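> Right, I'll just put the structure down here and ask away after.
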Amino acid sequence: MAAPITDLSTADRFWADADRHLVRYAGAGDFTREIIDHAAGSYLFTESGRRILDFTSGQMSAILGHSHPEIVETVRRQIGSLDHLFSGMLSRPVVDLARRLAGTLPSPLEKALLLTTGAESNEAAIRMAKLVTGKHEIVSFARSWHGMTQAAANATYSAGRKGYGPTAPGNFAIPAPNSYRPDFLTPEGELDWRRQLDFGFEMIDAQSVGSLAACIVEPVLSSGGIIEPPAGYFAALQEKCRERGMLLILDEAQTGLCRTGNWYAFERDGVVPDILTLSKTLGAGLPLAAVITSAEIEQEAHDRGYLFFTTHVADPLVAAVGNTVLDVLTRDRLDERATELGAFLRRGLDDLAARHPVVGDIRGRGLLVGVELVVDRATKRSSDELGALVTRRCLELGLHMNIVQLPGMGGVFRIAPPLTATEDELAEGLAVLDQAIGDSSARWS
Ligand SMILES: Cc1ncc(COP(=O)(O)O)c(C=O)c1O
């Protein structure tokens, strides 16, 4: 047994214990050096008395802010009456949530499987797609993130592929359509996404052993750097899937439930996926996820003996939370709110871009916004160091920001405040970002 650490201040002891006893799970990243004591609304409060504005909604999940009074009340009530069940048993919160989710979605999406995390929902969706198609090959974007469990990680290309042995045979990537850094060009110098998509599927067809089951993609790639595929892209992608007998799985872990100004990001594109996965935002910070599909696909899966029996499938506690999330989103019209706040944020960021040449690009939709930093707007050259400096300075000044740093891409801030944030809070965040970029560019140059 490890000897206890003595003679340290309580904060030093906390970090000594953390350093000694916690597995570091963030790759090259480190823990944020703050001890978070509590959180409320758009703010985190540290043990040392600092207040930090949360521009990432926790892990892009807390769409109603932290400790929303109605969520707190639901958890208190539900845990006191019905918490968890044998996985083959049902309760009212589960069936209510499944029915209500179907009511927010276009036909034929009407059958839900309620789970806990994003990776798990994608695991279940891919498993279902393989079973109903009788095939095994899975296509996703080269900048994707679908989670850390086996099938989800096999379809994740933005990070974490190296060092863990072979992925399942039959996982393929297509290029992500990044309009800011186009690889296939029209004569006007813009992204030629049709040619890029054709090329991607030419490569897939060349590699496939004739067993293409599904394509799994995010409607806005978040961990990949807030890449928003152009209008028309998803309809064309769905066509590619149809031609090959593949199912289209949309992963709306971050974009679902009003974040982008629509209830679901795919609404913009006029496509309906064969399978939709929801997670982060559905529980607004609590572990709830869903796989939603048509009655036809569900029937086929069932006929073939679909098995996804887990400990926390159909748990009443988090299902009750999901119902409250739907209540608040609907009553407070948070889809419209995301559009309004997104426009406010965008104006503020455009103003920053006009004054700071390191702001290379601003993109995204609603309250899911990306800001790409570059050290030279003409060449779009990036610097990991600059992104890290700005992130650190923001935290010193009381703003939590997340930056994505991927090879060949600059640092991209992912800005996703709670949908319940006020304009004053967004303005406060913009002011901090302004100062942090100014201070960091001065130090860096
Ligand atoms: C689009 C997307 N899908 C899936 C996941 C995985 O979710 P989880 O971490 O809950 O397993 C994430 C997490 O960042 C995500 O962004």
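FYI, it's all coordinate maths here, none of it is from the lab. Since the structure is predicted, the reported quantities are computational estimates derived from the model, not experimental observations. Every residue, glycine among them, receives a Cβ derived from its backbone with ideal geometry; neighbour counts consider all protein chains shown.
> Just want the answer: with Cβ charges of +1 for Lys and Arg and -1 for Asp and Glu, which residue in SER179, GLY134, PHE201 is farthest toward the dipole's positive end in the chain?
GLY134
> Quick one: if the Förster radius is 45 Å, what FRET efficiency do LEU82 and THR422 give, using the C-beta to C-beta distance and rounding to 0.05?
Working: r = 35 Å, r/R0 = 0.78.
For R0 = 45 Å, the calculated efficiency reads 0.80.
> Find how much the distance from ARG24 to GLU190 grows on full extension, using 0.36 nm per residue of separation minus their present alpha carbon separation; answer in nm with one decimal.
Details: separation 166, 0.36 × 166 = 59.76 nm, distance 4.10 nm.
Fully extending the segment from ARG24 to GLU190 adds 55.7 nm.
> Among GLY88, HIS146, ALA231, whose Cα projects farthest towards the positive end of the dipole of segment 82-331, with charges put on the beta-carbon of Lys, Arg (+1) and Asp, Glu (-1)?
GLY88
> Expressed in nm to one decimal, what extension gain is obtained for the pair MET89 and GLU34 from 0.36 nm per residue of sequence separation less their Cα-Cα distance?
Details: separation 55, 0.36 × 55 = 19.80 nm, distance 4.17 nm.
Length gained, MET89 through GLU34: 15.6 nm.
> Out of every Cα-Cα pair in the chain, what percent are more than 33 Å apart? Before the final figure, lay out the partial values.
Working: 36359 of 98790 pairs.
Of all Cα-Cα distances in the chain, 37 percent exceed 33 Å.
> Using a 10 Å cut-off around each Cβ, can you sort VAL209, VAL390 from fewest to most neighbouring Cβ atoms? Don't skip to the end; give the middle numbers.
On the way: VAL209 10, VAL390 26.
Least to most surrounded, the residues fall as VAL209, VAL390.
> Could you give the nm distance between label points at MET148 and SER179, where each point is 7 Å from its Cα heading toward the beta carbon?
Result for the modelled spin labels: 3.4 nm.
> Name all residues of segment 261-280 having a backbone nitrogen under 14 Å from the label point set 7 Å from the Cα of ARG242 along its Cα→Cβ direction, giving them as ranges.
270-274
> Let me check I've understood the local charge: for ASP192, count other residues with C-beta under 10 angstrom from its C-beta, Lys and Arg +1, Asp and Glu -1. What total comes out? It would help to have the intermediate numbers written out before the result.
Values: positive: ARG194, ARG195; negative: ASP183, GLU188, GLU190, ASP198.
The answer is -2.
> Could I have the simple spin-label model distance between ALA235 and GLN207, label points 7 Å from Cα toward Cβ, reported in nm to one decimal?
Between ALA235 and GLN207, the label points sit 2.9 nm apart.
> In terms of modelled amide H atoms, which long-range or inter-chain residues lie less than 5 Å from the amide H of SER144?
Sorted by chain and number, the residues that satisfy this are TYR157, SER158.
> Also: About the Cα centre, and with charges only on the beta carbon of Lys, Arg (+1) and Asp, Glu (-1), how big is the dipole of the chain? Nearest 20 debye, please. Before the final figure, lay out the partial values.
Working: 43 positive and 57 negative charges, 93 e Å.
In total the dipole reaches around 440 debye.
> Something else about it: How much net charge surrounds GLU110 when only other residues with a Cβ under 15 Å from its Cβ are counted (Lys, Arg +1; Asp, Glu -1)?
Values: positive: ARG99, ARG100, LYS111; negative: ASP96, ASP274, GLU296, GLU298, GLU300.
Once positives and negatives cancel, what remains is -2.
> I would also like to ask the following. With charges set only on the Cβ (+1 for Lys and Arg, -1 for Asp and Glu), what does the dipole of segment 82-331 come to about its Cα centre, in debye to the nearest 20? Show your work: numbers first, answer last.
Numbers: 21 positive and 28 negative charges, 83 e Å.
About 400 debye.
> Follow-up. Between ILE71, ILE79, ILE52, find the one with the highest GNM mean-square fluctuation for the chain; connect C-alpha pairs within less than 10 Å.
The residue with the greatest mean-square fluctuation here is ILE79.
> For segment 87-178, which chymotrypsin sites (Phe, Trp or Tyr not before Pro) are in a loop by DSSP, counting at most 15 other Cβ atoms within 10 Å?
On the way: sites: PHE141, TRP145, TYR157, TYR164, PHE172; in loops: TRP145, TYR157, TYR164.
Within segment 87-178, the qualifying chymotrypsin sites (Phe, Trp or Tyr not before Pro) (loop, at most 15 other Cβ atoms within 10 Å) are TYR164.
> Mean-square fluctuation check for the chain, GNM, Cα pairs under 10 Å: which of PRO69, PRO287, PRO273 is largest?
For the chain, modelled as a Gaussian network with Cα springs under 10 Å, the answer is PRO69.
> What number comes out for the charge environment of ILE249, summing +1 per Lys or Arg and -1 per Asp or Glu over other residues with Cβ under 12 Å away?
Values: positive: ARG127, LYS130; negative: GLU123, GLU218, ASP251, GLU252, ASP274.
So the environment of ILE249 carries a net charge of -3.
> How much of the DSSP bridge set in the chain is antiparallel, in percent, rounded to the nearest 5?
Numbers: 36 of 53 bridges.
Bridges in the chain are about 70 percent antiparallel.
> Right, next: Kindly provide the trypsin sites (Lys or Arg not before Pro) of segment 341-388 that DSSP labels as loop, not H, G, I, E or B, and whose Cβ sees at most 14 other Cβ atoms within 10 Å. Kindly include the intermediate steps, with their values, before the conclusion.
Working: sites: ARG346, ARG347, ARG355, ARG363, ARG365, ARG377, LYS380, ARG381; in loops: ARG377, LYS380.
Here the sparse-neighbourhood loop sites are ARG377.
> In addition: Could you identify which residue out of GLY103, GLY225, GLY342 has the top mean-square fluctuation in a GNM of the chain using Cα springs shorter than 10 Å?
Judging by the Gaussian network model, the answer is GLY103.
> May I pose another question? Report the extension gain between ASP17 and ALA168 in nm, rounded to one decimal, defined as 0.36 nm multiplied by the number of residues separating them, less their alpha carbon distance. All intermediate terms of the calculation are to be shown ahead of the outcome.
Values: separation 151, 0.36 × 151 = 54.36 nm, distance 3.77 nm.
Gain in length upon complete extension: 50.6 nm.
> Using only helices, what value at 222 nm comes out for the chain when you add -39,500 (n - 2.57) per DSSP H run of length 4 or more and divide by the total residues, to the nearest 500 deg cm²/dmol? Can you show the working numbers first?
Values: 13 runs with 172 residues, N = 445.
Taking each H run of at least 4 residues, the total per residue is -12500 deg cm²/dmol.
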